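First the structure, in the form of C-alpha cells, and then the observations on it.
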Amino acid sequence: MKVLKEKIKKITAGAVLLIALGCMLVSMLGTWVLATDFFTAKETVYNVTMAELAAMIDENNAAYGKDIPVDFTRDPNYWYNFSFIVYKPENATPENPAPLVVCSHGGSSRKELQQPFYLELVRRGFVVISIDKGGNGATDTGISTPDVSGDGHGMLPAVEFGMSLPYVDETRVGITGHSAGNNACVNTLNILNAEGSEHRIRAYVSGDGTSDVARLTSEQTHDMVLTVGECKYGEFNNGMHVGTSDQGKHILNLFYPGFREESIPNGQWFTKEGAVASPEPGQPIEAENAVVFYEPSIIHVSWYFNQTAVASVIDGMYAGLGTPSGAQVIASSNTVWQLAAALGLLGIIGFFMLPFALVPLLLKRKVFSGVIRTLPSNETLGELKKLSTWLPMLVFFVPMMIITYQVYRHYTATASRYMNTSVYAAAMSTNGAAMNGLIMGIVMIGLLFVVWFLQSIFARVNKTTLQNNPFTNARLDSGSQFLKTVLLSFTVVFIMYSVVWFAFYVFHVDFHFWDWTITVTDLDHLYIILVKYFPIFALFYTVCALFNANTRFKDVPEWLSTMLCALFGAIPTAYLAWEQYSTVFTLEHVRFLDDVWVNMAACGAWKGIPLTILTTYLARYIYKKTGNVWLAGFINALIMLCYTSFVMNFYTDFMIPS
C-alpha cells in the first residue's frame, strides 16, 4: 500500500490531464462512431422555429411530390427554438425510402438520452429523429403548448417533417417515448391517427407511460402495432401492474375485445383474433393491428438503460414496420448500446478528472499564484480522540444530516413554489438544488457558530488558547486574492466545459451514463444561469468546503477524515433513497404514496450520492493545494450548477421579470 501511495504521488498533473483528455476523446469518438453506425449514417442537427420547419415541409412537398400536412403553427411571431437530430442510414435514399422512427425523452431530460434506441434502430436501417421536448435541451419552453407545436411537446412537428423527407417512406412511421414522452406520442396520435387522416402512425412503443397510452381510442389504434412497456418497479405506478390493471385490460380490449382473463401474459402478441405467435425477427406482424405487453423488472429511469426495454423497441418497430429495404435483419439480442454507455461513463470519469489536473497546472501561472494561502500547521489541528474535538464535530454533523434529510425531502421537488418564479422560472431540478443549497448554506453557517462556541468553552475549561476558530480557514489576504480566486474558478470550469462543447458541436455527442449527463447549454443562456443561480450554489459549496477544511485532524489520515466528510454528507440522501427503494423492491409501490412531491424527491436521491462524494474529495484536494476554501467552493459550485442546469432550458428564457 505504501509503495502504491508513493507511485500515485509521482503522477504529475500533466499526466492526469492527458489521461482525462484521452478518456474524453475516446468517449466522444467512440460514441460518434457507434451513433453513425461506423460512419455509414448521416447525422444532421436542426435548430429551427415552427414557422421555419413548416416552410421546410412545404419545400419538401413541392420538391418530392408529397402532401404531408402541417398541423402546427406557421406564425413567425412564435420565435421559439425547436431542436432535434436526424439520423439517415445509408440504405435510405429517395429511390429506396426507409421507415421513420421518432423518439421522445421524458421530463427533465434531452434527446441524447434516447441514444440506446436511436443507435440500435439506425444500425437496422431505420431513419431516426430524436427530439428535445419543449423546455428541455436546446428547445425553448415556448413550444410547449398545442397552439404552437400541435402536440405540446414537439413530437408532431418532428413526425411531419420526417414524413416529408425524400428518403422516408411516410406510410411506415413509428414513434416511441419514455415517461412524459408518451404524452407527446399520444397527443400526436390524437391528430395523425384521427378519423379520415391519410398520414397515420403505424407503430408505437411506449416506455413506462401507461396512463397516457390508456387515453387511446379504437380509431387511433386502428391499423397500428402497439408495444406497451411498463417497468415492474416503476416509481410512478404505485403498485399497478399493466398485466392485471384496468388500464392494461382497456388497452388490450382496443385490439382484442374478447379478452376476459385475469392477467395479460408478458410478451404475448394479440390481434383481434386473440393470442398469436410472435413474428419472426425482422418480419412485420401479419395483422391490421396488434399489441404486446412487456414488464421488465426495472425502475422508471432504467427504461433507457436496460436490454429488455431496448429489445422491445427494436422488436416493436420490426413488428410494425418490417425490415427496411437494403438493411440486414439484426436480432434484438445483438446490441451495442452497452458499449456506448461504457464510453459515456469513460467520458464522465475523464471530465471529473480535469479539475484535479487543471488546478495545479494553472497555479503555476503567475496570474494565479496569488490565490495560494498558507495551510495551518499540523500542530494547530485538533486530535479526534479528544472530547474537545469530536464533540463539536458531532454537534455539527448530526443536526446537519437530519436537517439535510428534511430539506431535501420537502423542497427538492417543490422549490418553485417558494422561489419567485418571475425571476426563477419553474425549473424543478435546478430550483430544487438551489433551495436546498440556500437553506443548508445558512444552516451550516449557524452550526459553525455553535462549533465555535463549544470550542471556546473547551478552551476555557482546559485553560488553553483557541488558536483557530471554524471561520479561520475562510480568511483571504486581500480583495485582489478574492478576484484571482474567482478568475481561477471560472477558468478551470471554462476549460472543463470547452471539451464538452467541442464534443457536442463537432461530434453531436455528450457524456452520459444512465441518468448522469454532462452536456452543454446555449452560450446566450449561460450568463443568465450564472447571474441567477451561481450566488446560491457558491454559498452552499463554499460553506461545505469550509467545514471540510475544519475536519482535518492531527491523529487521523487525510483520506480518512475526507471519507468521513463524504460519508456524513451522503447519508441523508442515501437514507432517503433506501427508504424509497427498499419499499419499491419489496412491496412494489413507492414509500411516499400520499405525497407525490416527496416521492419525486426520493426517486432522484440516489443520483446525488456519488456527486456528494466527488465534491467532498475535490474540495479537500483543492484546499490542500491552495489553502483557499473559496476556490474549492467556487469550483464545486460552478461544476454542479452547470451539471444541474444545462439539461434544462425553460428557465433561461428571460433575465429579469417581465
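Brief remarks on what is shown
- Potential extension, ASN96-ASN378 segment - 0.36 nm per residue separation minus Cα distance: 94.1 nm
- Region 99-256: C-alpha gyration tensor shape, a/c 1.5 cut-off, then a/b vs b/c: rounded
- Among the listed pairs LYS386/LYS532; LYS42/LYS532; LYS532/LYS624; LYS366/LYS607; LYS111/LYS366, those with a Cα-Cα distance over 32 Å are LYS386/LYS532; LYS42/LYS532; LYS366/LYS607; LYS111/LYS366.
- Global form of region 414-555, assessed from the alpha-carbon gyration tensor, a/c cut-off 1.5: prolate
- For region 161-169, Karplus couplings with θ = phi - 60° (6.51, -1.76, 1.60), whole Hz, Gly/Pro x: 5, x, 4, 7, 5, x, 9, 10, 7
- Extension reserve of the GLU273-THR44 stretch, reckoned as 0.36 nm per residue once the Cα distance is removed: 78.2 nm
- Ranked by how many other beta carbons lie within 10 Å on average, peptides 532-540, 637-645 from highest: 637-645, 532-540
- Amide hydrogen neighbours beyond the local backbone of VAL102, cut-off 5 Å, H modeled: ILE129, GLY174, ILE175, THR176
- Within the accessible area of the chain (1.4 Å probe), percent carbon and sulfur: 61
- With all protein chains kept in place, the per residue accessible area of the chain amounts to 40 square angstrom at a probe of 1.4 angstrom.
- J(HN,Hα) series, region 204-219, from Karplus relation 6.51 cos²θ - 1.76 cosθ + 1.60, nearest Hz, glycine and proline x: 9, 10, 9, x, 6, x, 4, 4, 6, 4, 5, 7, 5, 10, 5, 5
- The ellipsoid equivalent to the alpha-carbon distribution of region 90-143 has semi-axes of 25, 12, 7 angstrom, derived from the gyration tensor eigenvalues as √(5λ) and listed largest first.
- Fraction of beta bridges assigned by DSSP in the chain that are antiparallel (%, nearest 5): 40
- q = 0.19 Å⁻¹, region 172-312: log10 I(q)/I(0) [Debye, one scatterer per Cα]: -1.14
- Against the chain, whose longest principal axis comes from its Cα atoms, helix 50-64 is set at around 40 degrees.
- Computed FRET value (nearest 0.05) for GLU588 with THR145, which takes r as the C-beta separation and R₀ as 51 Å: 0.90
- Calculated FRET efficiency for the pair TRP516/TRP79, C-beta based, R₀ 30 Å, to 0.05: 0.40
- Normalising the average separation of contacting C-alpha pairs (under 8 angstrom, six or more residues apart) by the number of residues puts the relative contact order of region 233-348 at 23 percent.
- From phi via Karplus (6.51, -1.76, 1.60), per-residue ³J(HN,Hα) for region 610-622 in Hz, x at Gly/Pro: x, 5, 4, 5, 4, 5, 5, 5, 5, 4, 5, 4, 5
- Entry for Rg/Rh (Cα atoms, Kirkwood Rh) (calculated from the structure that is shown) out of (i) 1.06; (ii) 1.02; (iii) 1.20: (ii)
- Relative contact order computed over the chain (Cα-Cα under 8 Å; 6+ residues apart), in percent: 15
- Between ASN61 and ILE402, the simple label model (points 7 Å from Cα in the Cβ direction) yields a spacing of 6.7 nm.
- Cβ-derived FRET efficiency at R0 35 Å, LYS607 paired with ALA331, nearest 0.05: 0.60
- Here the simple spin-label model places points 7 Å from the Cα toward Cβ, and for LEU560 and GLU198 these points are separated by 7.9 nm.
- Three-way shape call for region 446-504 based on the alpha-carbon gyration tensor, with the a/c threshold at 1.5: prolate
- Sequence-distant residues sharing a close amide H with GLY107 (under 5 Å, placed H): ALA180, GLY181
- The chain - mean residue ellipticity at 222 nm from DSSP helices (-39,500 (n - 2.57) per run, n ≥ 4, rounded to 500): -17000 deg cm²/dmol
- Rounded tilt (10° steps) of 307-321 against the dominant C-alpha axis of the chain: 20
- On Cα atoms only, tilt of 523-549 relative to the major axis of the chain in degrees: 40
The values are calculated or read from the model by the stated rules, or taken from the named source; none is laboratory data. Keep in mind it's a predicted model, so treat the numbers as computed, not measured. Backbone-built Cβ (ideal geometry, glycine too); neighbour counts: all protein chains shown. The protein model used for the area step is the full one, side chains on, heavy atoms only, and it has no ligands, DNA or RNA in it. Shrake-Rupley method; radii C 1.70, N 1.55, O 1.52, S 1.80 Å.
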